[in-house]
1. Among GLY119, VAL48, GLN149, which residue has its Cα positioned farthest towards the positive end of the charge dipole of the chain, with +1 placed on the Cβ of Lys and Arg, -1 on the Cβ of Asp and Glu, and the dipole taken about the Cα centre?
2. Which far-off residues, 5 or more places away or on another chain, put their amide H under 5 Å from the one on VAL12, with H placed in the peptide plane?
3. Looking at THR170, GLN78, PRO133, which one has the Cα that reaches farthest to the positive end of the dipole of the chain (charges on Cβ: Lys, Arg +1; Asp, Glu -1)?
4. Need the list of lysines near LYS191 for cross-linking: C-alpha distance under 16 angstrom, and skip anything on the same chain fewer than eight residues off.
5. Explain nothing, just the number: relative contact order of the chain, from Cα pairs under 8 Å at least 6 residues apart, as a whole percent.
6. By a straight-distance test (C-alpha under 18 Å), which lysines pair with LYS76 as possible cross-link partners, with residues fewer than eight away in the same chain excluded?
7. Please find the FRET efficiency linking LEU174 to VAL58, where r is the Cβ-Cβ separation and R0 is fixed at 45 Å, and quote it to the nearest 0.05.
8. Restricting to segment 24-175, what percent of DSSP beta bridges are antiparallel, rounded to 5?
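Read the figures in this text as sums done on the coordinates, not as results from a lab. Keep in mind that what you see is a predicted model, and the values were worked out from it rather than measured. Note that each Cβ is placed from the backbone with ideal geometry, even for glycine, and that neighbours are counted across all protein chains shown.
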Amino acid sequence: MLTGCAQRYYYVEKDTLSISYHPEYSVVHLTQEEGERQLHQLANTACVEEEWIFFKPVRGKRGVWYDVGKVQQETKVQMNGEILEKIVDTFTKLNTQRIILHCTHYHIHPLYSLHQRWGSVISERMVDIFSLPSSSDLEFTRLLHTFLQQRGYVLDDSRVVGSQGMYVYTVPRLSNKNLDAAEYFKSLTSKAVREGLQDKDVQSVLRVLRQGGVEADYYSFR
Ligand SMILES: [Zn+2]
């Protein structure tokens, strides 16, 4: 069984994904599709961001969703690195057959948060555009990819779930070692928003991100 949890951190088995505050972290066994459906609902009702790491099932359909967010705020959430390390250690100990485990990182950009961040005048069409991953989301994915890879895990992609749809993205290694990654992603996401708003089209956001080396897709829930 690859479902152990880091006891010391008060993991509580729950049925649904929700905003949960330390010390009561939640672990939920759900299929990826059902989990995404719940995050879509949460993005429409929550007032703060939250994040999870989803371990894909080795067999069967239900995987494990661990809440890994801390300091949940209206427009940001931090990953609890210590707890992620514990979770990964626990999985590694249980994984005696050395199966390569795949995971996906999720967080939500609630509708409420978009209004706080971008102002209250957001038309429905703009919600798709403004739900894009932020520059710090892109930078974080890059670091998480390396962290997991060093421990024998594969981060298949990262997903940000908004109130109307979901961005799926992977961030490659930057070939230019001298590049300031934070600055690079900042200018990339600003350009993506600018061109998205100009064309009133989420496809323009994706085009800019892809041109900048970020593989990105958008799945509308409508
Ligand atoms: Zn974000």
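1. The Cα lying farthest towards the positive end belongs to GLN149.
2. Amide H neighbours of VAL12, under 5 Å, 5+ apart: TYR25, SER26, VAL27.
3. It is THR170, whose Cα lies furthest towards the positive end.
4. Partners found: LYS200.
5. Values: 400 pairs, mean separation 39.7, N = 222.
After rounding, I find 18 percent.
6. Of all the lysines, those that pass the test against LYS76 - Cα under 18 Å, at least 8 places apart if same chain - are LYS186.
7. Numbers: r = 32 Å, r/R0 = 0.72.
According to the calculation, E is roughly 0.90.
8. Values: 19 of 27 bridges.
Percentage antiparallel, nearest 5: 70.
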